[in-house]
Structures are given as structure tokens and as C-alpha cells.
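Novice: Below is the structure I would like to discuss, written out as C-alpha cells.
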Amino acid sequence: MGYALKETTYSYRAWTKNGVWTTGDLTTDKTITIHEGSNVFHYGQALFEGLKAYKQKDGKVVLFRPEMNYERLQSGLQRIVGPTMPRELFFEAIEQIVKSNVDDIPEYGTQQSLYIRPFVIGHGMNLGVKPSDEYLFSVFCAPVGTYFKGGLEALEFVTTQYDRAATNGMGQVKFAGNYGSSLYPRQLAKDAGYAGVIYLDPATHTKIDEVGAANFFGVTHDNVLVTPKSSSILPSITRKSILYLAEHVLGMKVEERECFIDNIQEFKEAGACGTAAIITPIKAITHKDKRHQFGDGKVGPTIKKLYDLLLGIYYGDIEAPEGWIYEVQL
Ligand code: PLP
Ligand code: COI
């Protein structure tokens, strides 16, 4: 099972009234009817989030650090000039989605999960470029497997001359337009036989920014876990968690700093991390027709350890650091 959309029964919708959020409801309707002048169609006023529900061995259903998805959505709402969302509304929606679609949560042991996709769009009759008066908050979900083909198989990536987000643009929020601008470079990479794209910093194109839909990290020859510091990448919840695990469980030194593409040989292992990507080992990066392979091209020992730790925490086989696991009361 990959990332194809397998529909589940219930979705959730909450609408603003006079710009203020109202409580939402579950629906089985998979379509949304909004005005043709809606901002989302013309000016791209849209954000989304992504989190997963995991079924653990004892039947518990849990979410991984959902508070951080809520916080990231809030910062995105501020950036698209949308209305602040009450925390209770976000959690009410996620809980209802998980509970009502509980039969679609993949079983423990399958390494699958229920991917939950909350999103917010600006809608309503409008023509001029200005924020919408009204908004929809909607959530749907789907059972998923791995995002990149291969699970822990190391994959080939390629840098691109295109940017997904500007230096002081929208890269730090999960703005739909960032993904729209990634489609063409992704297609070029796919057509050339690569699993995905490595974006460079938009200002100088000398430093690694992130992977198409995941953050980048590398392990240096002296065992430091490094991840790029940049104003144009999404602050990944998985990356933050990996940094913590590397430092506090594996006892590694960790650094958030610039990763120059011309110094890529400083890494003996590299990976892409994210809710969908989990941890995907990077076999090689091709930049300007030069291919750099990490180690022997197979998953390295640090990435394997981090992967096992993270999955162990998701599925309840390893005790999670305080506050990382949110149990949904079924
Ligand atoms: N970077 C981009 C562009 C993403 O779309 C995602 C996915 O959400 C990530 C990084 C990883 O973030 P997270 O670990 O919070 O899922
Ligand atoms: C996620 O990891 O949640 C993502 O947003 C990736 C996605 C675009 C499928």
C-alpha cells in the first residue's frame, strides 16, 4: 500500500460565519460546493496539514505530537491572513475523524497507518486580491503505506534549478502553493528516473534546503547529525523528533546549519524525513550531472537506528518521550 487515496467513510467540515469559526460536523459527502469567485481558486488561499493515527499492539490508537500540527497550522493561518483557529476545534475534528473511521486504521504490524489531512481554504464571492471573508476547515483521512517506494530501501535524488519557496516566502508554512510549484521539478526528476527532488536555497543555490515533501538530514563521518537551517523550509515535526532522539537516545552531537551541496561528501549517510516519508534513506544525490553516493548506497546504521526508534515510538513498542503520544479515546 502506497499513498494512493483510498476513500474512507467520514470527512469533517467546519465553516466560519462572519469570519468566526463555528463547530463542525462529520459528513459522508466527498465534495465541497463553494462560489466560483472563491480565493482558493484564484489567489491560492489554502493550507494543509498531515498527521497519522497509528494502531498499537494493545489496540490503542495514537497520534504523534498533534499539538505541533496545530501550531504549524496556526502560523500558516497568520501568514495567509486567515482566522485563528481554536485549539478545541482542531482536536475535535481530528478525534472525530479517527473515531468515525476507526475500521479503516491499518492493523498493528503492517507498518501502515491512517493519514489525516486537515486543510483550510478561503472561500466566498470575491474578485479583488484580498483575504477571504469566509473559510472552510476540512479533514479527511486515508489508510496509507510508504510515501516513497521502497520503505527502507535507499533512493536516488536529484537537485533542481527550480525553487519551491522564496527566501522570505511561504516555505515555513504548509501553503498549498509550495506544492503547486513543486510539481514541474518533480515531474522532470521522475522522468529522469529519480525518486524525487532536492531543493537548494533559493538565494544562492549552494546549500541543501529540503526534499520535495520532506526535510533533509545527513550524518557526518564523525557521527554528527546535521540538518539544514533555512528560512525557506518547512519546520518538520519528524525532523525535530529525530534531532531529539539522535541527541538524547543515541548520544550523538546534532547541528542545524548550512549544508553546502559542494561539500556533500561530508556525509556518510543521508535521509529524507517527514510524516509521509517517515525516514527514507538517500542512496545518492546527483547535482549538475555529478552523482554523489552515500556510503555503500544501502541504509546506514544511524538511519536504521533512528527508523527503528521512530517506528517503535509510533507503534508503542518503545516508550515515547513525555508528551509525544496523544491517545484517541475510542
Ligand atoms: N517538508 C515538506 C515540504 C513537507 O511537505 C513535509 C511534510 O509535512 C515535511 C517537510 C515534513 O514535515 P513533518 O515531519 O512535520 O511531516
Ligand atoms: C506529509 O508528510 O504530511 C506531507 O505533507 C507530505 C505530503 C505532501 C504527502
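The values are calculated or read from the model by the stated rules, or taken from the named source; none is laboratory data. Everything numeric here is computed off the predicted structure, so don't read it as measured data. Every residue, glycine as well, gets a Cβ built from its backbone with ideal geometry; the counts of neighbours run over all protein chains shown. Calculation scope for accessible area: heavy atoms of the full protein, side chains included, ligands and nucleic acids excluded. Shrake-Rupley method; radii C 1.70, N 1.55, O 1.52, S 1.80 Å.
Novice: Straight distance only, please: which aspartates and glutamates reach the Cα of Lys288 with their own Cα at less than 19 Å, same-chain residues fewer than 8 apart left out?
Specialist: Glu156, Asp163, Asp191, Asp201, Asp209, Glu210, Asp262, Glu266
Novice: Now for a different question. Express the accessible area of the chain per residue in Å², computed with a 1.4 Å probe while the remaining protein chains stay in the model.
Specialist: Values: 15080 Å² over 330 residues.
Accessible surface, normalised per residue, equals 46 Å².
Novice: Right, something else. For segment 70-177, which whole percent of the accessible surface, found with a 1.4 angstrom probe, sits on carbon and sulfur atoms?
Specialist: 53 percent
Novice: Would you work out if the chain is rounded, prolate or oblate? Take a ≥ b ≥ c from the square roots of the eigenvalues of the alpha-carbon gyration tensor; rounded if a/c is under 1.5, else prolate when a/b is larger than b/c, oblate otherwise.
Specialist: oblate
Novice: Using θ = phi - 60° and the Karplus form 6.51 cos²θ - 1.76 cosθ + 1.60, what ³J(HN,Hα) does each residue of segment 319-328 get, whole Hz, x for Gly and Pro?
Specialist: Each residue of segment 319-328 in turn: 5, 8, x, 2, x, 7, 10, 10, 8, 8 Hz.
Novice: Please report, as a whole percent, how much of the solvent-accessible surface of segment 201-244 comes from carbon and sulfur atoms (probe radius 1.4 Å).
Specialist: Heavy-atom surface of segment 201-244 belonging to carbon and sulfur, 1.4 Å probe: 55 percent.
Novice: Could you tell me whether segment 141-242 comes out rounded, prolate or oblate from its Cα gyration tensor? Rule is a ≥ b ≥ c as square roots of the eigenvalues, rounded for a/c under 1.5, then prolate if a/b exceeds b/c, otherwise oblate.
Specialist: It is rounded, given that a/c, with a ≥ b ≥ c, falls under 1.5.
Novice: Okay, moving on. If you put +1 on each Lys and Arg Cβ and -1 on each Asp and Glu Cβ, how big is the dipole of segment 41-114 around its Cα centre, in Debye rounded to 20?
Specialist: Dipole of segment 41-114, to the nearest 20 debye: 220 debye.
Novice: Please go through the residue pairs Lys149/Lys283; Lys55/Lys99; Lys6/Lys240; Lys52/Lys268; Lys149/Lys229; Lys52/Lys240 and name each one whose alpha carbons sit more than 20 Å apart in this structure.
Specialist: Cα-Cα > 20 Å for Lys6/Lys240; Lys52/Lys268; Lys149/Lys229; rest within.
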